Amino acid sequence: MSHQTVSRVINDDPTVRPGMREKVDAAVVALGYRPRAAARALASRTNRALGLVTTGGTLHGPMSTGLGFNQAARRAGYHVLMAALDDPQPDSMREAVETLLSQDVAAIVLVAADTSALAALDALPVPVPVPLLTANGLPGQPGAGTAVAIDQVRGATLAVEHLLGIGRRRIVHLAGPLVSQEAALRRDGYLDAMRAAGLEPVVIEGDWTPGSGFAAASSLDPGSVDALFCGNDQMALGVLSAFAGRGVSVPEDIALVGFDDIPEAAYFTPALTTVRQDFEALGGRVLAVLDGMLAGTPPDDTVLQPTLVVRASA
């Protein structure tokens, strides 16, 4: 039969007769046929392939952002080609972008775990010739292109205001690493909220891991603090372990707030009060902005709002 008939079957055209459809479906199964995206794009003059560059390895935020975008893109009929960079440097970023472009992606999304990813993107010898959008980047930051992010400053403000509202005044912030733009924004939100309340801020630097939370809590003088705001939930887990070993009660002695609301946060002992980031909504928003860019709509930087989830630790 003609290739037009086969095309109509594969694209689920309702005008194809049932008998004809059965023959084509049987041939598809027997041959193990899969439509080639590049050929379909050439024939229809549309491209349903998107590139995704992820950084940050297994960190919860970047990994969940990439997953949220992937799910939204697949629901919308796109297929996503992904490049994962553990240590984004100019050479590896250039190679990843060139590989995606060679597969004719219509646009590229970068999940930026820290400033090194944006610096590597900004160092590309030529501009990316397709729409570029950064998830978790800072609007206006060099290399970021159009940015969609969750308001990290607001999240930190929610955490500190909640601790102030339950009567805590000696609030310490265990921050993420300095190279992370999200850690820097959470630190800024904490500093602003503390100074607005007329309180002295105290910042300890961690590295996102439970080990750094354990180390920070092990060296902390319990008499000098009545609340601890951690830059992510994994560090808060390390804090809980260290406090348990030292006989420090949470929240009676020290209240504890995390950030992210990882799936395990509700099952910590005690259950963790934390700032929730909706990564599914972030992924959907990234795709919506990207769709608009592909349709020729002027892009807008977008900042989504986090929420506070109150549990037993504060």
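The values are calculated or read from the model by the stated rules, or taken from the named source; none is laboratory data. In this text the structure is predicted, and so the values were computed from the model without any measurement. So basically every Cβ, Gly included, is an ideal-geometry build from the backbone, and we count neighbours across all protein chains shown. Surface accessibility is based on the protein's heavy atoms, side chains included, excluding ligands, DNA and RNA. Shrake-Rupley method; radii C 1.70, N 1.55, O 1.52, S 1.80 Å.
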Unmet requirement for T209, which otherwise passes all of (1) more than 27 Å from the chain's Cα centre (by Cα); (2) open to solvent by 50 Å² or more (accessible area, probe 1.4 Å): (1)
May I ask you to list the residues in the range 77-97 that are out of contact with any strand residue (DSSP E or B) (no Cβ under 9 Å at 6 or more places or on another chain) and either among the small types (G, A, S) or under 21 Å from L287 (Cα atoms) (or both)? G77
From the list A119, A83, which one is more than 30 Å from A193 (Cβ to Cβ), within 19 Å of the chain's Cα centre (by Cα), at pLDDT below 95 and surrounded by fewer than 24 Cβ atoms within 10 Å (Cβ to Cβ)? A83
Filter the range 98-115 down to residues that are farther than 21 Å from L282 by Cβ and among the polar types (S, T, N, Q) and give me whichever is surrounded by the fewest Cβ atoms within 10 Å (Cβ to Cβ). S102
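For the condition open to solvent by 10 Å² or more (accessible area, probe 1.4 Å), without any contact (Cβ under 8 Å) to a residue 60 or more places away in the chain and not β-branched (V, I, T), what is the one hit in P177, P131, P201? Show your work before the answer.
Details: P177 fails: without any contact (Cβ under 8 Å) to a residue 60 or more places away in the chain; P131 fails: without any contact (Cβ under 8 Å) to a residue 60 or more places away in the chain.
Only one candidate passes the filter, namely P201.
For the range 212-223, how many residues meet the condition of being in contact with a helix residue (DSSP H, G or I) (Cβ under 8 Å, 6 or more places away or on another chain) and surrounded by 16 or more Cβ atoms within 10 Å (Cβ to Cβ)? Explain how you work it out, then say what you get.
Taking the range 212-223 first, the residues in contact with a helix residue (DSSP H, G or I) (Cβ under 8 Å, 6 or more places away or on another chain) are 212-218, 222.
Narrowing further to those that are surrounded by 16 or more Cβ atoms within 10 Å (Cβ to Cβ): 212-217.
Result for the range 212-223: 6.
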Looking at the range 19-53, which of the residues that are outside any loop (DSSP other than H, G, I, E, B) and open to solvent by 100 Å² or more (accessible area, probe 1.4 Å) is modelled with the lowest pLDDT? L42
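Give, as residue ranges, the strands (runs of 3 or more DSSP E) completely inside the range 170-255 that count at least 2 residues that are within 19 Å of Y267 (Cα to Cα).
On the way: elements: 171-175, 202-205, 227-230.
Output list reads 227-230.
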Answer with yes or no whether G155 is of a type outside the set (A, V, I, L, M, F, W, C) and at pLDDT below 90. no
Hey, could you check the range 279-314 for residues that are farther than 30 Å from I254 by Cα and among the polar types (S, T, N, Q) and say which is most open to solvent (accessible area, probe 1.4 Å)? T297
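Test of understanding: among G61, G56, G77, G68, which residue is crowded, with 16+ Cβ neighbours inside 10 Å and at pLDDT 90 or above?
Numbers: G61 fails: at pLDDT 90 or above; G56 fails: at pLDDT 90 or above; G77 fails: crowded, with 16+ Cβ neighbours inside 10 Å.
Just a single option satisfies the conditions, and that option is G68.
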Residues of the range 68-82 being over 14 Å from V105 (Cα atoms) and of a type in the set (A, V, I, L, M), in sequence order, are A72, A76
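Identify all residues within the range 289-308 that are free of Cβ contacts under 8 Å to residues at least 40 places away in the same chain and part of a helix (DSSP H, G or I); write none if there are none. Please lay out each step first, then the result.
Residues of the range 289-308 free of Cβ contacts under 8 Å to residues at least 40 places away in the same chain: 292, 295-298.
Hit for the range 289-308 is G292, nothing else.
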Give all pairs with beta carbons closer than 7 Å in which a residue from the range 224-235 that is free of Cβ contacts under 8 Å to residues at least 60 places away in the same chain and surrounded by 24 or more Cβ atoms within 10 Å (Cβ to Cβ) meets a residue that is of a type outside the set (D, E) and assigned to a helix (DSSP H, G or I); count only pairs at least 6 apart in sequence or on separate chains. L228/V239; C230/G213; C230/A236; C230/V239; G231/A183; G231/R186
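Answer yes or no as to whether T157 is in contact with a Pro (Cβ under 8 Å, 6 or more places away or on another chain) and of a type in the set (S, T, N, Q). Lay out the reasoning, then the answer.
Numbers: in contact with a Pro (Cβ under 8 Å, 6 or more places away or on another chain): no; of a type in the set (S, T, N, Q): yes.
Spelling it out, it is not the case that T157 is in contact with a Pro (Cβ under 8 Å, 6 or more places away or on another chain) and of a type in the set (S, T, N, Q).
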Quickly run through the range 254-270 and pick out the residues that are in contact with a Pro (Cβ under 9 Å, 6 or more places away or on another chain) and either within 16 Å of S219 (Cα to Cα) or open to solvent by less than 10 Å² (accessible area, probe 1.4 Å) (or both). I254, L256, F259
